[in-house]
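S.K.: First the structure, then my questions, so here it is.
The values are calculated or read from the model by the stated rules, or taken from the named source; none is laboratory data. Fair warning: this is a prediction, and the values are worked out from it, not measured in the lab. Using ideal geometry, Cβ is built from the backbone for each residue, glycine included, and neighbour counts are taken over all protein chains shown. Each accessible area value is taken on the protein alone, full model and side chains, heavy atoms only, with ligands, DNA and RNA left out. Shrake-Rupley method; radii C 1.70, N 1.55, O 1.52, S 1.80 Å.
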Amino acid sequence: MVVTQLNLEFCFQGKKLRGFSCELTRSPHGVLPESFFTIMCQVVVPILLSGLCMMTAGLVMNTVQHWPVFVEVKDLLTLVPPLVGLKGNLEMTLASRLSTAANTGQIDDPQEQHRVISSNLALIQVQATVVGLLAAVAALLLGVVSREEVDVAKVELLCASSVLTAFLAAFALGVLMVCIVIGARKLGVNPDNIATPIAASLGDLITLSILALVSSFFYRHKDSRYLTPLVCLSFAALTPVWVLIAKQSPPIVKILKFGWFPIILAMVISSFGGLILSKTISKQQYKGMAIFTPVICGVGGNLVAIQTSRISTYLHMWSAPGVLPLQMKKFWPNPCSTFCTSEINSMSARVLLLLVVPGHLIFFYIIYLVEGQSVINSQTFVVLYLLAGLIQVTILLYLAEVMVRLTWHQALDPDNHCIPYLTGLGDLLGTGLLALCFFTDWLLKSKAELGGISELASGPP
């Protein structure tokens, strides 16, 4: 399919037409062209800024892990990835939906814009309340399985902290996403390239900071018996109000009815990443897990969310739900076609993959400057860390291509169904691969030290 865009510019003097100019743009690939350079320029700044925010989140987590509430209530560490992962379940999904709406002209009309924005913000408040409570339950269950002990006061603290954190973070980030998408639309910048990484970056830092402050507040007032139950009941009582507001938009009603499975499953997947984090963060051989976990998970989630949002916008513009374009008919494409063709989505995948190594090197160097010898700085670990980042992002970008095709073929919106799964998988892959990097580096160092001791022992007296 060849697409032709005609841009007309009229010049008036008073009410009289004095001239006009026209510009034709033709694209043989079914979408108006974006060059490699254009995509790179629009993506690289948000990715670097988001990486700095995620690095700051890592430094914050490295500090708060020693706070009394995190030391005493171990399940709070298990809660970090699923709560931070709400950026993929809620805010990044919201950013992707709004970006698609902006690119397809759905929010150009002021009245329609108000309806779309209010219903979307109400939707994420409903989702934040429910998923925040479920995340606390999942953390508790994983804690019970590993420790076989339950403290009612800690259960209440965990649930109240989770629900309040999810609510406040969703509200703050939701309003910010609305401003970014509308601003990008007015400036002529593709919101798909900037909204999701900003949502992800600020989501990590804001969510982690709110969780630390809120949980510490409840911990200081743990003698107030009815405080935490009252908080949970208050937010539960507000849920019907958000539902009524969200029902203004028919597409949002559909998400309210059928959109729970992706975000709940993604939360469960992220919880297993949280379990890995809580089991390794206090061990000496995994020193640095708290700092690097938000970075590696966030970079992977950012990049795959950008790609998913772009593919989703492409399908919304040039196809109908349930019908895949001719060049996307295969559900399981050859990996080479995902990264090595001239198609616009393949080009953006190459751009995103090329950002992994330089981005991680920049973040690693800044962390080393800030923390010094408190993080691992061996060349072996750096190589393993970069390799882990590449493996994570390559897997996620390929899965994004597959999942978007499958969901679109089922007449489902990829903005709502793919990003939660992919960011949840990004959290699990990132945490697991990072733990493997630390373990492998420790193992190689141990073998080298044992080899040195053996040589000294076998040497001449």
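S.K.: Within segment 184-194, can you find the residues that are open to solvent by less than 30 Å² (accessible area, probe 1.4 Å) and within 17 Å of Gln113 (Cα to Cα)?
M.R.: Passing the criteria: Ala184, Pro191.
S.K.: Can you find even one residue in segment 443-460 that is β-branched (Val, Ile, Thr), modelled with pLDDT of 90 or more and assigned to a helix (DSSP H, G or I)?
M.R.: no
S.K.: On to the next question. May I ask you to say which residue of Leu213, Leu202 is open to solvent by 60 Å² or more (accessible area, probe 1.4 Å) and in a helix (DSSP H, G or I)?
M.R.: None of the others qualify; the one that does is Leu213.
S.K.: A follow-up question, please. Only one of these is open to solvent by less than 40 Å² (accessible area, probe 1.4 Å) and at pLDDT 85 or above: Phe167, Phe171. Name it.
M.R.: Step by step, each of Phe167, Phe171 is checked, and only Phe167 is open to solvent by less than 40 Å² (accessible area, probe 1.4 Å) and at pLDDT 85 or above.
S.K.: Looking only at segment 409-442, filter to residues that are closer than 30 Å to Lys257 by Cα and among the acidic types (Asp, Glu); which one of those is modelled with the highest pLDDT?
M.R.: It comes out as Asp427.
S.K.: Oh, and also: If you check Gln113 against the conditions, is it modelled with pLDDT of 80 or more and surrounded by fewer than 21 Cβ atoms within 10 Å (Cβ to Cβ)?
M.R.: So Gln113 fits the description; yes.
S.K.: On to the next question. Give the residue that is nearest to Leu303 (Cα to Cα), with candidates limited to residues of segment 326-340 that are modelled with pLDDT of 80 or more and open to solvent by less than 50 Å² (accessible area, probe 1.4 Å).
M.R.: Phe339
S.K.: Scan segment 276-305 for residues that are within 21 Å of Tyr368 (Cβ to Cβ) and in contact with a Lys or Arg (Cβ under 8 Å, 6 or more places away or on another chain) and report the count.
M.R.: Number of matching residues: 0.
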